[in-house]
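Worksheet for the structure shown next.
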Protein chains: 2
Amino acid sequence: MKRTHNCGELTKKNLGQKVILQGWVKKTRKLGGLNFIDLRDRYGVTQLIIEDANLLNLSLLKPEFVIEVSGEVIQRKNSNPEMFTGEIEVKVSKIEIINSAELTPFEIKDNLESNEDTKMTFRYLDLRREELQKNFILRSKVNKIIRDYYCENDFIEVETPIFGKSTPEGARDFLVPSRTNHHKFYALPQSPQLYKQLLMIAGFDRYFQIAKCFRDEDLRIDRQPEFTQLDMEMSFATPEDIQNNIEGLLTKIIWETKKIKLKTPLPRITYAEAISKYGIDKPDLRFDLQIHDCNNIFSKTEINLFQNINSDSVRGIKVDHLIGKKEMEYLSETANQNKLPNLPFLKFNNGEWSGSLAKNLSDNEKKNLIEIFKIKSDCTLLIAKGEYNLVSQALGAIRNHVAKIYELFDKNEINLLWVIDFPLFEFSEEENRFVAAHHPFTQPKEESISDFDVNKKEALAAAYDIVMNGFEIGGGSQRITNEEIQKRMFKAVEMTPESVEKNFGWFINAYKFGAPYHSGCALGIDRILMILAQTNSIRDVIAFPKNSNGIDPMTNAPDVVSPNQLDELKLKLSK
Amino acid sequence: MKRTHNCGELTKKNLGQKVILQGWVKKTRKLGGLNFIDLRDRYGVTQLIIEDANLLNLSLLKPEFVIEVSGEVIQRKNSNPEMFTGEIEVKVSKIEIINSAELTPFEIKDNLESNEDTKMTFRYLDLRREELQKNFILRSKVNKIIRDYYCENDFIEVETPIFGKSTPEGARDFLVPSRTNHHKFYALPQSPQLYKQLLMIAGFDRYFQIAKCFRDEDLRIDRQPEFTQLDMEMSFATPEDIQNNIEGLLTKIIWETKKIKLKTPLPRITYAEAISKYGIDKPDLRFDLQIHDCNNIFSKTEINLFQNINSDSVRGIKVDHLIGKKEMEYLSETANQNKLPNLPFLKFNNGEWSGSLAKNLSDNEKKNLIEIFKIKSDCTLLIAKGEYNLVSQALGAIRNHVAKIYELFDKNEINLLWVIDFPLFEFSEEENRFVAAHHPFTQPKEESISDFDVNKKEALAAAYDIVMNGFEIGGGSQRITNEEIQKRMFKAVEMTPESVEKNFGWFINAYKFGAPYHSGCALGIDRILMILAQTNSIRDVIAFPKNSNGIDPMTNAPDVVSPNQLDELKLKLSK
């Protein structure tokens, strides 16, 4: 290469060396008759000093010009300890413009408030920012750690097809019309699930892939039509084997990117316990703030709200603050968004009780509240009533909100846990039937095998999620490898034998020819990167993302296509 | 894991150990009242011996059953030196059936003649073959070597989008209808070309990715609608820098997979030289068999065919065999397929000349032929006449065919070379205009910059291909980074400013904001794997391939979709 060094590596060790650098003009300035240029590339910034005014008409140089300089590394008069190259500068003997630059539509600078669509239109300029570059270097590093880990552990990386078959169950597929098979469509994979199970039947034993997946779901902020997951599967492996494997991986990732040592084995809590204590199946355990059952406390209450509760639950959390009016309004809004019409509360201030529930609160109830919530100082109790799951979910959301308001956690902490023993089914109000909570190839837990298709509500799955700082970053299960259990499962989700045959016949047939038991897991790479990079936007970890309408303002994709293209596909646009 | 070992690792060192193995029954046999089972998994085969007839009714066990056994490693009476585990066997104390297996539709065995569609329908069974498993282990290894190499060299792996924009120029795009943006379509990338160039403008400096690419081309045997390429790009890099980089990679791949040391730098020949000597731009240099110009020899000939040749060329190759009738028929067929109506020949047998051209061959011509073709012993000369490129191409194909017939090369040899100085344009008869030979972002060679848009036929590109054993396994170029040159290029391929703006405006605009010069390359992973695995079928290196109609007989993709799916996309099928 023509350059001898990049812009981030010269130090005192290089003093006296003749160097050639290439990069972008970050800024130029004049000081005491001398000209200085900060030259930037991906690796850093190096200060250039130009003593000879005849080298180039420096007024030509604007920010973002690409230049090449030759010169000598000399000691800086005033060193800058914040820069790696801060001890030196390059005394330029030759300077050449490689390419000029127009004024950029926004400054290349972190934390700049700017129109989001403008930034996306000029994504290649936004990507020049140090913060974004760091994110993608991090992403590349994490991918490397993952692949090293799996290769070291005898896994085979297999590329599964992007052109697959559309199946019912699950999210909506993206379709690709086939030109050579008129009126037929490929479907883009929502995950390589079926292929990886077939690889186990094929005897590949251990498979992994960093795979592109696609779901045509309704768009939201920070949901992208394409996403990336680590996908893995192991033969002759139980859920515990998989959990150990994933823990090994995450330990490595977090050590190598954050220098944080995870304590393993990670905590495992059941789905039921997660809902009971934290109201949510992906609890953030960087803070405690547990939910407590209060039905017993209020069994003989004078408080109208808590009388005649029948099958309802009364549950609450304690906040170690006297919640102000504005904050209480925020929290009530969160309650409303979670279908909880109101959020009753009690304040305990200097031994005195106040708040919406205080009026008819008995001495015995006060005593029990102090005991159950372990009240020792001023605090607020948020106590809600309603159907168990609804109240739990609302309090789970409120719990997260409270933690944010009062900064109850260290944002540099990484907290991981497994949630296990998930329900095998969930009831779909829309379809008025039980559907597979995970997918219909999930093995029921040992204790549910005999009756999962009868006691659907209670049936548990050999399925597990891994949760990081309150986000589900992945999950998996043991798969059904017994033909009879698979048949019962399809029947349980009310698929007719004809529908099973038509959609999954090719797949379940494979289990007739000698299948090992197997389990696997998938991790959402985009989400993990967001947490590691401490960003709230998925776009900060995806090089060329779509906006919340599924559009890339840079390329203007998706776009209209020519009538000829549609003709070839034998398609027409309909109204 | 429950198993203590896999089926490919037990040796004398393990004698006396209690082990648990899991795997597939390869075969069972009875010998001297004892029962033997060969147990198979991905890692190998281990022999099991069952002395206790009461352990299991062994007649139950059929090939491909999945079983688990506990037992002790003992010495084999008759060791098998061809097996890694051949010195030992496992004396079984406990045996359990994990899963049964029906009779497979074909035997799990390499080199088995079987219906191709049946094999693809039961791909998971075909994938159990040792040969295929080896190919995918090799593929995984090659991917690992590539990524290690680029990470070690400071490249950033960036995932570019699968959902892009359809553009004219190049092959036909696969389209994905957008549900949220009615009547608009994403296009699947034919390569990440434009994105990687933008990453250079974004200052990523060094980029790589193992990327899925898609082209909706007419199907042929061994052409897949999706394929995988290593894609890389470097800023401040010339074609030579890229060639050095790729040589470093290929040296590593070939050493680590074949234990063959490549001699670098690899040979570089120009496109013109390749056509002149080998008739083809991807010559197989494992054998010599050069083409020679014969116009001078026949300038005053009595041979009718070679009289009045005007601008035609007379060119020939020497085959060091007296080609038989049958072989000559094959070669004539190859000539015909390459638009050469006939293939005149001369045989030199014991100093005597014969063949279709021998009749009027003068003594002087004989002398010159002996000199130019360096004839020393019996041989056949194949001499053709016609337009230079046509004759060259036909002789190039014949050259390859001859090498196959007479096995002129060692099939274990790996031969690599660069072909450089490609034409910038090629003339499209169909469109009656010059089109970009590579793509319209390819930088003209230094000597063509001043007049490439005038002398299109002579214009050379800063483009290069890498050729392995006669296959083009990749190529790249320096990219245009100067706005003026880019404009002239678009004009040269007759794109109107309006069309440029509409299709590429977003892209060329990026070059206004400070672009480094940059070059890159892409390598076809599938093709490289075919060569390394010494297979002629691309399906042997793709886990779940499509057949030559673009169909996966296993899943039956592509398939019809529901009217509801089409409604949501606002599409109708047309006739």
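When the stretch A:414-442 is examined, which residues are found to be under 30 Å from A:Thr238 (Cα atoms), open to solvent by 50 Å² or more (accessible area, probe 1.4 Å) and among the charged types (D, E, K, R)?
Scanning the stretch A:414-442 gives a single hit, A:Glu426.
I need every pair where a residue in the stretch A:98-124 that is charged (D, E, K, R) has its Cβ under 7 Å from the Cβ of a residue that is assigned to a helix (DSSP H, G or I), sequence separation at least 6 or different chains.
Short answer, once both residue conditions are applied: A:Glu102/B:Lys512; A:Asp110/A:Glu130; A:Asp110/A:Glu131; A:Lys119/A:Asp126.
I'd like the full set of residues that are open to solvent by 30 Å² or more (accessible area, probe 1.4 Å), closer than 26 Å to A:Arg40 by Cα and touching a residue at least 24 places away in the same chain (Cβ under 8 Å), limited to the stretch B:229-270.
B:Thr238 - this is the single residue of the stretch B:229-270 that is open to solvent by 30 Å² or more (accessible area, probe 1.4 Å), closer than 26 Å to A:Arg40 by Cα and touching a residue at least 24 places away in the same chain (Cβ under 8 Å).
From the set of residues in the stretch B:563-575 that are within 7 Å of chain A (Cβ to nearest Cβ) and not in a loop (DSSP other than H, G, I, E, B), which is nearest to A:Arg172 (Cα to Cα)?
Checked the stretch B:563-575; the qualifying residue nearest to A:Arg172 (Cα to Cα) is B:Gln565.
Being facing chain B (nearest Cβ under 7 Å), touching a strand residue (DSSP E or B) at 6+ places or on another chain (Cβ under 7 Å) and at pLDDT 95 or above: is that true of A:Ile137 here?
It is true that A:Ile137 is facing chain B (nearest Cβ under 7 Å), touching a strand residue (DSSP E or B) at 6+ places or on another chain (Cβ under 7 Å) and at pLDDT 95 or above.
For (1) without any contact (Cβ under 8 Å) to a residue 12 or more places away in the chain; (2) hydroxyl-bearing (Ser, Thr, Tyr); (3) outside the structural domain of A:Ile201 (by TED's automatic domain parsing); (4) closer than 24 Å to B:Lys196 by Cα, each residue gets a yes or a no:
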| position | (1), (2), (3), (4) |
| --- | --- |
| A:Ser519 | no, yes, no, no |
| A:Gln534 | no, no, no, no |
| A:Gly550 | no, no, yes, yes |
| A:Ala557 | yes, no, yes, yes |
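Would you pick out the residues in the stretch A:162-183 that are touching a helix residue (DSSP H, G or I) at 6+ places or on another chain (Cβ under 8 Å) and within 21 Å of A:Asp526 (Cα to Cα)?
Residues satisfying the conditions are A:Arg172, A:Asp173.
Among the residues of the stretch B:99-117, what is the count of those that are within 8 Å of chain A (Cβ to nearest Cβ) and farther than 23 Å from B:Asn556 by Cα?
3
In the stretch B:125-136, which residues are without any contact (Cβ under 8 Å) to a residue 60 or more places away in the chain and either part of a loop (DSSP other than H, G, I, E, B) or surrounded by fewer than 17 Cβ atoms within 10 Å (Cβ to Cβ) (or both)?
Of everything in the stretch B:125-136, those that are without any contact (Cβ under 8 Å) to a residue 60 or more places away in the chain and either part of a loop (DSSP other than H, G, I, E, B) or surrounded by fewer than 17 Cβ atoms within 10 Å (Cβ to Cβ) (or both) turn out to be B:Arg129, B:Glu130.
What about B:Lys144, is it surrounded by fewer than 21 Cβ atoms within 10 Å (Cβ to Cβ), part of a helix (DSSP H, G or I) and at the interface with chain A (Cβ under 7 Å from one of its Cβ atoms)?
Yes, satisfied.
Go through A:Ala187, A:Ala171 for me and flag whichever is under 21 Å from B:Asp559 (Cα atoms) and surrounded by fewer than 22 Cβ atoms within 10 Å (Cβ to Cβ).
A:Ala171
Only one of (1) surrounded by fewer than 19 Cβ atoms within 10 Å (Cβ to Cβ); (2) free of Cβ contacts under 8 Å to residues at least 24 places away in the same chain fails for A:Asn153. Which number is that?
The number of the failed condition is (2).
Working only within the stretch A:364-386, note down all residues that are more than 11 Å from A:Ile297 (Cβ to Cβ) and surrounded by 13 or more Cβ atoms within 10 Å (Cβ to Cβ).
Across the stretch A:364-386, the qualifying residues are A:Ile375, A:Asp378, A:Cys379, A:Thr380, A:Leu382, A:Ala384, A:Lys385, A:Gly386.
Of the residues A:Met120, A:Met200, which single one is crowded, with 23+ Cβ neighbours inside 10 Å, more than 7 Å from chain B (Cβ to nearest Cβ) and of a type in the set (A, V, I, L, M)?
A:Met200
I'd like to know if the stretch B:525-542 contains one or more residues that are within 7 Å of chain A (Cβ to nearest Cβ) and over 22 Å from A:Asp567 (Cβ atoms).
no
Could you list, in sequence order, the residues of the stretch A:312-363 that are open to solvent by less than 30 Å² (accessible area, probe 1.4 Å), in a helix (DSSP H, G or I) and under 24 Å from A:Ile275 (Cβ atoms)?
Residues satisfying the conditions are A:Leu331, A:Thr334, A:Ala335.
Only one of B:Val69, B:Val90, B:Val25 is hydrophobic (A, V, I, L, M, F, W, C), more than 14 Å from chain A (Cβ to nearest Cβ) and out of contact with any His (no Cβ under 7 Å at 6 or more places or on another chain); which?
Result of the check over B:Val69, B:Val90, B:Val25: B:Val90.
Condition test on B:Glu68, is it at pLDDT 95 or above and surrounded by fewer than 20 Cβ atoms within 10 Å (Cβ to Cβ)?
Taking the combined requirement at face value, the residue satisfies it.
Among residues belonging to the stretch B:238-264 that are part of a loop (DSSP other than H, G, I, E, B) and under 22 Å from the mean Cα position of the chain (by Cα), point out the one that is nearest to B:Glu426 (Cα to Cα).
B:Thr264
The values are calculated or read from the model by the stated rules, or taken from the named source; none is laboratory data. All values reported here derive from a predicted model rather than from experimental measurement. Don't worry about glycine lacking a Cβ; one is built from the backbone with ideal geometry, like all the others, and counts go over all protein chains shown. Note: accessible area is taken over every heavy atom of the protein model, side chains too, but ligands, DNA and RNA are not part of it. Shrake-Rupley method; radii C 1.70, N 1.55, O 1.52, S 1.80 Å.
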